[in-house]
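To start, the structure itself, in structure tokens.
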Amino acid sequence: MPTSFRYTPDMRFPVLGPEFADPVEPARFPAEIARFRNQRAARSVGLDELTDEEWAAAFAHFEPLPHNIDQPLAMRYHGHQFRTYNAELGDGRGFLFAQLRDDDGRLLDLGTKGSGRTPYSRFGDGRLTLKGGVREVLASAMLEALGVPTSRAFALFETGEALQRHDEPSPTRGSVLTRLSHSHIRFGTFQRHAALGRADLVNQLVDHVVETYYPALASRAVEDRSAALMVAAVEASANLAAAWMTAGFVHGVLNTDNMNITGESFDYGPYRFMPNSDPAFVAAYFDETGLYSFGRQPEAVYWNLQQLAVALASSGRPSEPLAEALNGFGDAYKRALSASVVRRLGLMPLGPEEDAGLAMAAFHALAEAGAQARWEPFFFDWFGGLDSERRAVTGRRGALYKGEAVKAFRERLAAYRTDRPGRLTSPYFAAPEPEELLYDEIEAIWGPIAADDDWSAFNAKLGRIEEARRAWALGRP
């Protein structure tokens, strides 16, 4: 299988040993119809030169990549699901397929979803619906464009299977997804070994994560590593929570097995992008108490970090610094939220107090407009600060920008300069509407696929999301 000079395999997870994963066989599918190929992501890891046949061999048959993991590994973990501990978790319909370095030298995983049954499938069939695959491709593309730390959909194949589901009209079409992620090691990975009383394995995992993902901390004395890792996890998780909040994104299922140690968002099931400012907005129909509603996401992340701290405390290393690290989440989140709002508005930061004031003013302005103002268009209209004031107040939503809260927001903007003002010359910002990914649009994209196997709306949407990403990033790769 030919690879480019950029392909750099680096198998780190398998050396942890058999207590951390189980070797599994990929499912064999009746068909493999390529539906999505992330060529830009493939280029970053040296897999862009694969032919269509080689791409299918790797990401539909899961033939091993050169000098990489020989046998797929279903990872072992436990987790709190809606705050109830579940010791019967683990990769139930996915596995770790390969590890490799990207252009920046980051270690990345190629992991799957819908690739067949494993020892942790329980009563599940180990499969993924095609609609679920389509939704994840769209979510990860949109979140990446918005600057949220996220896994990226890498490959999607339709499998020719008819699946039975209680939450979709059935039978429904099957698929298998491969995602590119910066680690699949979850909070629940630590929890599993702590629950089993294996302090030695908790310590082994701490050392592995520090040396592999946070090498700057590797020089710490062994007894300090758990606390150092906790500080890093708090910071990364605070950044992630802040990015979700400024993107108006609701993950939907913030269980401890759905949070990883590098602070990257992944596994998009019942997600939603919020139409307008509503702290009680939920993504999952089964979240009856609103535990993971939009406004409670920072709280959910903090609670999950508490469970990580409990697991790390079982290692026998000093626990007091863990509590100190955990207590830093509030300040870390406030800093991250302020920085994220400034970035989303395309501005140069001024300082902690000023940026926090601007963030608060932006959220107040969104709340004042209420249901009349959609979340994403607000940031679109005011991207560039006062350099976009005329565009905002004379555009389609100009009437919404006359209230007292918006006035206070505009006064805050007066102190800021636009970051990379050339971005405002993009045709993207000359359009009357931004790219959004609301529920109704996803359903409208899926409709023609389900009815007529028409993928034109799906591909067109991905093209527009890429145009938005380029506009926000000023052509950066």
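Identify all residues within the range 264-288 that are of a type in the set (A, V, I, L, M) and either under 17 Å from the mean Cα position of the chain (by Cα) or buried (at least 19 other Cβ atoms within 10 Å of the Cβ) (or both); write none if there are none. So that I can check it myself, show each step before the final result.
Step one: filter the range 264-288 for residues of a type in the set (A, V, I, L, M), giving 274, 280, 282-284.
Result: 274, 282, 283, 284.
Determine whether the range 365-382 contains at least one residue that is modelled with pLDDT of 95 or more, among the aliphatic types (A, V, I, L, M) and surrounded by fewer than 23 Cβ atoms within 10 Å (Cβ to Cβ). No, the range 365-382 contains no residue that is modelled with pLDDT of 95 or more, among the aliphatic types (A, V, I, L, M) and surrounded by fewer than 23 Cβ atoms within 10 Å (Cβ to Cβ).
I'd like the residue in the range 1-45 that is assigned to a loop (DSSP other than H, G, I, E, B) and among the small types (Gly, Ala, Ser) and, out of all such residues, is surrounded by the most Cβ atoms within 10 Å (Cβ to Cβ). It comes out as 27.
For the range 79-111, the set of residues classified as surrounded by fewer than 18 Cβ atoms within 10 Å (Cβ to Cβ) and of a type in the set (D, E, K, R) consists of 83, 88, 101, 102, 103, 104, 106, listed by residue number.
For residue 455, are the conditions met, namely being within 19 Å of residue 378 (Cα to Cα) and surrounded by 12 or more Cβ atoms within 10 Å (Cβ to Cβ)? Considered against the rule, which asks whether it is within 19 Å of residue 378 (Cα to Cα) and surrounded by 12 or more Cβ atoms within 10 Å (Cβ to Cβ), residue 455 comes out as no. If only residues of the range 292-323 that are of a type in the set (A, V, I, L, M) and touching a Leu at 6+ places or on another chain (Cβ under 8 Å) are counted, the one that is farthest from residue 200 (Cα to Cα) is 300. Applying the criterion of being surrounded by fewer than 16 Cβ atoms within 10 Å (Cβ to Cβ) and of a type in the set (Asp, Glu) to the residues of the range 395-432, the residue that is nearest to residue 372 (Cα to Cα) is 404. Of (1) outside any loop (DSSP other than H, G, I, E, B); (2) within 23 Å of the chain's Cα centre (by Cα); (3) over 30 Å from residue 300 (Cβ atoms), residue 48 satisfies all except one. Which? Among (1) outside any loop (DSSP other than H, G, I, E, B); (2) within 23 Å of the chain's Cα centre (by Cα); (3) over 30 Å from residue 300 (Cβ atoms), the lone unmet condition for residue 48 is (1). Go through the residues of the range 403-425 one by one and say whether even a single one is closer than 19 Å to residue 272 by Cα, touching a Ser or Thr at 6+ places or on another chain (Cβ under 8 Å) and outside any loop (DSSP other than H, G, I, E, B). The answer is no, given that none of the residues of the range 403-425 is closer than 19 Å to residue 272 by Cα, touching a Ser or Thr at 6+ places or on another chain (Cβ under 8 Å) and outside any loop (DSSP other than H, G, I, E, B). You will find that of 154, 190, the residue that is at pLDDT 95 or above, crowded, with 24+ Cβ neighbours inside 10 Å and touching a Ser or Thr at 6+ places or on another chain (Cβ under 8 Å) is 154 and no other.
Report yes if some residue within the range 99-119 is more than 13 Å from the chain's Cα centre (by Cα), assigned to a strand (DSSP E or B), under 20 Å from residue 473 (Cβ atoms) and not assigned by TED's automatic domain parsing to the domain that holds residue 266; otherwise report no. Yes: the range 99-119 contains one or more residues that are more than 13 Å from the chain's Cα centre (by Cα), assigned to a strand (DSSP E or B), under 20 Å from residue 473 (Cβ atoms) and not assigned by TED's automatic domain parsing to the domain that holds residue 266.
In the set 324, 353, which member is free of Cβ contacts under 8 Å to residues at least 40 places away in the same chain, over 12 Å from residue 239 (Cα atoms), over 26 Å from the mean Cα position of the chain (by Cα) and in a helix (DSSP H, G or I)?
One residue alone meets the criteria, 353.
For residue 158, the conditions (1) under 26 Å from residue 57 (Cβ atoms); (2) without any contact (Cβ under 8 Å) to a residue 60 or more places away in the chain are fulfilled apart from (2).
Before we move on, is residue 170 modelled with pLDDT of 95 or more and not in a strand (DSSP E or B)? Reasoning before the result, please.
Values: modelled with pLDDT of 95 or more: no; not in a strand (DSSP E or B): yes.
Taking the combined requirement at face value, the residue does not satisfy it.
Of all the listed residues (244, 303), the sole one being within 13 Å of the chain's Cα centre (by Cα) and aromatic (Phe, Trp, Tyr) is 244.
Yes or no: residue 253 modelled with pLDDT of 95 or more, surrounded by fewer than 23 Cβ atoms within 10 Å (Cβ to Cβ) and farther than 26 Å from residue 311 by Cα?
For residue 253, the condition - modelled with pLDDT of 95 or more, surrounded by fewer than 23 Cβ atoms within 10 Å (Cβ to Cβ) and farther than 26 Å from residue 311 by Cα - is not met.
For the range 180-199, the set of residues classified as in contact with a Lys or Arg (Cβ under 8 Å, 6 or more places away or on another chain) and either basic (Lys, Arg) or on the phi > 0 side of the Ramachandran plot (or both) consists of 192 only.
The values are calculated or read from the model by the stated rules, or taken from the named source; none is laboratory data. Given the structure is predicted, the values throughout are model-derived calculations rather than measurements. Here Cβ is always computed from backbone atoms with ideal geometry, including for glycine, and neighbour counts include all displayed protein chains.
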